[in-house]
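Report on the following structure.
Each reported figure results from applying straightforward, stated rules to the coordinates on display, with no laboratory input. Bear in mind that the values here come from a model prediction, so they are computed numbers and not experimental data. In this analysis, Cβ positions are derived from the backbone assuming ideal geometry, glycine residues included, and neighbour counts consider all displayed protein chains.
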Amino acid sequence: MIVGEQKPIAEIKDKVSSYSRLLILGCGTCVKTCFAGGEYGVATLYVSEKTGADGSTLGNTNIKNRDVTILAIEKADKALPFPGPEVSLVSRDCLLCYGKLTDLMNLRL
């Protein structure tokens with residue numbers, strides 16, 4: 001039997017707010033596949049120079065129209081936990097996103 005318990009995002013934010021870098025690891029099988037952890041999950045999204053998001057701010061992307069929370073952005077030289085809409089994006093930035101798994105699978109920058 002698979003048992004999973006989904007934690008509220010506010011609790012997760014509180015527990016990790018003092019860290020500048022995070023590693024979130026999951027195998028993507030049991031709990032994710034059967035949605036035992038809920039229909040929400042975590043995914044990474046890379047900024048591509050081909051999509052027009054390169055040089056834009058986080059607030060000017062299509063992410064603001066989705067039910068997705070950006071937990072952190074990993075840039076070449078630093079990690080930005082819980083970035084605001086004013087943060088500039090450049091090619092190869094890695095966004096750590098939380099949201100509905102179906103939304104995350106279709107998210108593009």
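Can you flag which of LYS13/LYS75; LYS15/LYS50; LYS7/LYS50; LYS7/LYS64; LYS50/LYS75 are past 25 Å Cα-Cα?
LYS15/LYS50; LYS7/LYS50
Using label points projected 7 Å from each Cα along Cα→Cβ, tell me how many nm separate THR57 and LYS13, to one decimal.
1.9 nm
If you stretched the chain out fully between ARG108 and TYR46, how much longer would it get, using 0.36 nm times the residue separation minus the C-alpha to C-alpha distance?
That works out to 21.5 nm of additional length.
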